[in-house]
Every structure is written in C-alpha cells, then in structure tokens.
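Below is one structure; the comments refer to it alone.
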Amino acid sequence: MRLIAAFFKMVRLPNLFFIALAQALLQVCIYHTLYKDAIPPGDTRHFIFLVLASLFIAAAGYIINDYFDINIDEVNKPGRMVVDKIISRRWAIAWHFMLSISGVILTFLAVPFLEKWYLVAANICCVALLWFYSTSFKRRLLIGNIVISLLTAWTILVIFFSKVSLADAFGMGSDTHYKFFRIAFLYAGFAFITSLVREAIKDMEDLPGDVRYGCRTMPVVWGVHATKVYVAVWLIVLLAMLVLVQVYVLQFRWWLPVAYSFILIILPLLYIFYKLFKATTVRHFHELSTWIKGVMLTGMLSMIFFYFHL
C-alpha cells in the first residue's frame, strides 16, 4: 500500500483527475451539446483512449520531472519527496518510459492516423518537451513556463482537433465548427494564462532550491518584485478577458453563469492580485499557487453551463 500511495503521489493523481475532468467536460458539455446526432460511431471509445493517452503522458512528465529534480526538491520540499526515497530512480525512469510509450500507442488507437497523423506527432512532441523541460527548459528564463503553459492548453485543444479536421477548424466549415472553435480556444487560452501565472508563482515558492542549484528562473534572474509585476500583468489580462466574456454573455441573459464567473473566478483572481504583493514567504506563495489552481478548476467547471445554454 505504501508503494501504491507513493506512486500516485509521484504521478500527481489530483492533477491527472483535473486533466480528465476538463477533457470530459469539453466532450460532454460542449461537443455532445453542439453536435448532438452528428456524433460518429465509436467516438466515446476513441475519446477514452485519448484521455488515457493524455493522462499517461502527463504522469510520465511528472515522474521525469521528479527524477531530475531530486537535489532541488531536497531543499524546497524534502518532506514530499518520493523518487529516491520510496521509489528508486531506476523504477522511476522505467515508469516514465512505459507510460510515455503507452500514451503514444493510445493516441494511435484514438485517432485515424492517415487523417490525423498530426495529433500523434503532437503527442510525441509533448513527450519530448516534457523530457527537455525536466532536463533543461525549467532551469532557463521563461521557456520552461511557456512550455508547461502550452502543454496545459493542449490538453483542451487535443480534444477539439480530434473531432474537427484542420481544414474545418481554421476554415470554419460550419457554424457549429465555429462555435466549437471559439469555446475550445477560449478555455485553452484560459488554461494557458492561468498556467503561466501559477508557474511564475511556483518559481517564487521554489526560489531557495533554484538559487542553490543555478536555475535561471524569473525570480533568480529578475528578482521577486519584477516576477510579481509579471504575474500582475497576466492577471490583469486574464481579468480583462473574463470581463469581456461576461459582457458578451449578458446579452443572452445568462444570469447564473455570469454570477458563477464573478463569484468563483473573477473575485478569487482579484484576491490573488491583492495578496500577490504582500507575499514574502514560501508559505504565502504556496497559498497563492493553491488559489490559482482552484481558479483553474472553477474555470473548467464553468463548461457545465454550456450543457444547458448551447
């Protein structure tokens, strides 16, 4: 039992649940609602394969990140380490490769390869990016944060592109495709920006270990105050985007979704903005990171409203 618990901790089970939830909400509340009787046979099976592929690739990424971060984690979070404490480094790297290969195989099974080979190629790129993120990107200025944020957005977009061809997606073949495109990219954009914010906050939280081992993250290179300004700018962009969406939605008199967004997304973001410049300790930054993760969850849960309003 101890090993099983350690394995689930190593692969960040709550984060994997979050990925699966976001993809399931897009599938059920957006795709099924928009396309109704036009859903092709076998779609549910292919969707399950694609979700499992995303989960396996993400889990492999968490493992390889812990594998290469042992020294830094001994400084930043010694009590939460799994690799080299409970699970050996040899088993960790073995699990990484098994999960990565399984994720790519499941992508092959999830999509018609001749028509959508680019999705298989994209998931192979995800595996490669997660490897290079762990070995070098995360220790460089900005690039690691951007990579993780793009991969977070991809967990939404991979479902969209598995349903709609590239020609229909960007040529906007029908009004339904256009609606699906707008909603998918809205949530992908939300995921991208919130991930950028959270990664920068985590960099401030992990500053002691990053300094000791020569990482060139934003707080190390720019300083904590400049990193806070960077986070504040993205929070303002996100808040402006959300306010514009609410103004647009109000014309349809969707009162409940607007109230939900204001109370559970916009107000928490304003709280994060307020607390950001007061944060000085590791505990403060960890609290902010938890808050932004909560906003990511409530943001994705808002897809439920489309089930009733599309």
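Things to note:
- When only Cα pairs below 8 angstrom with a gap of at least 6 residues are kept, the chain shows a relative contact order of 22 percent.
- Highest-first arrangement of 37-44, 56-63, where packing means the average Cβ count within 10 Å: 56-63, 37-44
- In terms of its Cα atoms, segment 126-254 spans 54, 35, 18 Å along the principal axes, sorted from long to short.
- Paramagnetic reach from residue 91 (point 7 Å along Cα→Cβ, amide N under 15 Å) across segment 62-76: 63, 67
- Candidate lysines - alpha carbon under 22 Å from residue 179, same-chain residues fewer than 8 apart omitted: 36, 116, 163
- Summed side-chain charge close to residue 67 - residues other than residue 67 whose Cβ falls under 11 Å, Lys, Arg +1, Asp, Glu -1: -2
- Each residue, residue 32 and residue 237, gets one label point 7 Å from its Cα in the Cβ direction; the gap between the two is 3.4 nm.
- Calculated [θ] (222 nm, deg cm²/dmol) that DSSP helices of n ≥ 4 give over the chain, each run adding -39,500 (n - 2.57): -25000 deg cm²/dmol
- The residues neighbouring residue 149, those whose beta-carbon lies less than 15 Å from its own, together hold a net charge of +3 under the Lys/Arg +1, Asp/Glu -1 convention.
- Taking label positions 7 Å along the Cα-Cβ direction at both residue 117 and residue 166, the computed distance is 1.1 nm, reported to one decimal.
- Rule-of-thumb Rg ratio for segment 186-273 [Cα; 2.2 N^0.38 Å; N residues]: 1.33
- A simple spin-label model places pseudo-atoms 7 Å from Cα toward Cβ; at residue 101 and residue 270 they are separated by 5.3 nm.
- Exposure proxy ranking, count of Cβ atoms within 10 Å, fewest first, for 296, 204, 241, 1: 1, 241, 296, 204
Readers should treat all values here as calculations from the given coordinates under stated rules, not as data from a laboratory. These figures come from a predicted structure and were not determined experimentally. Positions of Cβ are backbone-derived with ideal geometry, glycine not excepted, and every protein chain shown enters the neighbour counts.
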